[in-house]
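Pasting in a structure now, in structure tokens, and then I'll have a few things to ask.
The values are calculated or read from the model by the stated rules, or taken from the named source; none is laboratory data. Everything numeric in this text was worked out from a predicted model, so none of it was measured. Here the Cβ is made from the backbone with ideal geometry for all residues, glycine too, and neighbour counts use every protein chain on show. In case anyone asks, the SASA skips ligands and DNA or RNA and just uses the protein heavy atoms, side chains included. Shrake-Rupley method; radii C 1.70, N 1.55, O 1.52, S 1.80 Å.
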Amino acid sequence: MREKILTHSAELFLTYGFKSVTMDDIANNLGISKKTIYQHFDNKTKLVEATTLHMFDVISHGIDCICELKKNPIEELYDIKNFVMEHLKNEKSSPQYQLQKYYPKIFSTLKSKQFEVMQTCVTANLERGVKDGLYRNNIHIDFIARLYFNGMVSLKDQDLFPLTHFSMNVLLENYLEYHLRGLCTDKGNQILNKIINQTKNQ
């Protein structure tokens with residue numbers, strides 16, 4: 001039941017936002033009483049925390065699986081982007097922004113965990129790209145990995161990038177290209193152009 005509550009809560013939070021969804025909404029959606037939810041989670045904050053960490057684990061595991069495929073590093077970044085978008089439902093309600101605003105402690109914990117995972121993943125991606133001759137060999141890997149993470153976090157800032165102006169997919173597409181254009185060699189740019197053209201034709 002705990003797992004079921006987490007899965008349904010994640011679905012509702014991602015669709016309508018952390019603030020809008022009430023315990024009543026979750027209970028009604030599941031067809032159970034609120035009392036059943038409170039047997040597993042003391043209050044809404046505890047449920048938000050557990051749901052957030054549950055989503056983080058699901059997404060981290062998916063990213064690990066993509067990285068294990070050892071595709072070329074440029075394709076890998078696009079596969080990760082597509083996987084994350086699929087799981088975050090295009091972030092129509094900007095859940096991360098709401099989390100930061102209404103649950104700052106949970107947001108801070110999540111951000112630290114995201115940084116840890118992304119730092120490892122992006123560093124490995126950059127090292128492989130340099131080794132394969134797709135990224136320039138004079139890049140500062142640690143600096144770029146941190147910059148990439150910081151940029152990703154900024155994209156979710158509704159004051160900077162309101163969803164009324166930019167969809168999350170458009171933001172990520174543009175940010176990925178911006179990131180890769182600064183890294184790619186001629187060989188890398190050929191792969192990047194091919195992926196961008198395929199995406200446009202879909």
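In nanometres, what is the gap between the two model label sites at residue 174 and residue 19, each 7 Å from Cα along Cα-to-Cβ?
2.4 nm
Over region 124-202, what relative contact order in percent results from Cα pairs under 8 Å that are six or more residues apart?
40 percent
Quick check: residue separation of residue 81 and residue 157 times 0.36 nm, minus the Cα distance between them. What number comes out in nm?
25.6 nm
Then there is this: For region 90-202, taking Cα atoms only, what is the radius of gyration to one decimal and the Dmax to the nearest whole Å?
15.7, 45
Take the Cα pairs of region 1-88, get the Kirkwood Rh, then feed it into Stokes-Einstein at 25 °C and 0.890 mPa s and tell me D in µm²/s.
Estimated diffusion coefficient is 172 µm²/s.
Over region 48-202, what is the mean sequence separation of C-alpha contacts under 8 Å (at least six apart), divided by residue count, expressed as relative contact order in percent?
28 percent
Counting only residues 5 or more places away or on other chains, whose amide H sits under 5 Å from the amide H of residue 135 once H atoms are built in the peptide plane?
130, 185
So how do 38, 97 rank on accessible area, 1.4 Å probe, biggest first, that is with the largest at the start?
38, 97
I would also like to ask the following. Grab the Cα-Cα distance for residue 139 and residue 53, subtract it from 0.36 nm times how many residues apart they are, and report the gain in nm with one decimal.
27.6 nm
For 21, 170, what's the largest-to-smallest order of accessible area, 1.4 Å probe?
170, 21
A further question on this structure: Of all the C-alpha pairs in the chain, what % are more than 30 Å from each other?
Counting every Cα pair in the chain, those more than 30 Å apart make up 28 percent.
When N counts the residues of region 1-47, how does its alpha-carbon radius of gyration compare numerically with 2.2 N^0.38 Å, as a ratio?
Taking the Cα Rg and dividing by 2.2 N^0.38 Å, one obtains 0.99.
Further, regarding this structure: With a 1.4 Å probe and every protein chain left in place, tell me how much accessible area residue 85 has, in Å² to the nearest 10.
Looks like 20 Å² after rounding.
Going 7 Å from the Cα of residue 33 toward and past its Cβ, which residues in region 1-17 have a backbone nitrogen under 19 Å from where you end up?
Only 1-2, 5 pass the distance filter.
Quick one: which of 120-129, 142-151 comes out on top by average Cβ neighbours within 10 Å, and what's the full order, highest first?
Taking the mean over residues of other Cβ atoms within 10 Å, the ranking is 120-129, 142-151.
Give the lysines whose C-alpha is closer than 23 Å to that of residue 4, dropping any in the same chain fewer than 8 places away, or say none.
Counting by Cα, and skipping residues close in sequence, residue 4 has these lysines nearby: 19, 34, 35, 44, 46, 89, 92.
Rolling a 1.4 angstrom probe over the protein heavy atoms, how many square angstrom per residue are accessible across the chain?
56 Å²
So, one more: Once neighbouring chains are kept in place and the probe is 1.4 Å, which whole percent of the accessible area of the chain is contributed by carbon and sulfur?
52 percent
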